[in-house]
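Reviewing the structure listed below.
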Amino acid sequence: MACELGVYGLAVMGVNLALNAASKGFQVCVGNRTPSKVDAALQMAATQGLREKFVGAKDTKEFVENIKRPRRIIMMVQASV
């Protein structure tokens, strides 16, 4: 599925940014270094009725391949990293 937007980095702000974009109608691909955070984001999307707007990627290759060109990627990095 070709996503319009990618959000990589699923801490609190990243997940909420992705959920907000999905609630506005965007197809969003989400990714994270830790695959369990991707699963958690997909569950959050499902509880909010947005699961059909979310695609989860377990690695960076899959993440990039799921975003249509020109790719729009937002990288969220925690300040403590």
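One table, with the values for the structure above:
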{"read-out": "Candidate set: the range 20-59, residues that are β-branched (Val, Ile, Thr) and free of Cβ contacts under 8 Å to residues at least 40 places away in the same chain; chosen: the one farthest from Gly6 (Cα to Cα)", "value": "Thr47"}
{"read-out": "Residue within the range 59-75 that is of a type outside the set (Phe, Trp, Tyr) and in contact with a helix residue (DSSP H, G or I) (Cβ under 6 Å, 6 or more places away or on another chain) present", "value": "no"}
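Results for (1) farther than 11 Å from Met76 by Cα; (2) among the basic types (Lys, Arg); (3) within 9 Å of the chain's Cα centre (by Cα), shown as yes or no for each residue.
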| residue | (1), (2), (3) |
| --- | --- |
| Val7 | no, no, yes |
| Ala21 | yes, no, no |
| Lys24 | yes, yes, no |
| Gly31 | no, no, yes |
| Lys37 | yes, yes, no |
| Leu42 | yes, no, yes |
| Ala45 | yes, no, no |
| Leu50 | yes, no, no |
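FYI, it's all coordinate maths here, none of it is from the lab. Predicted, not measured: the structure shown is a model, and the values here were computed from it. Note that we place each Cβ from the backbone using ideal geometry, even for glycine, and neighbour counts take in every protein chain shown.
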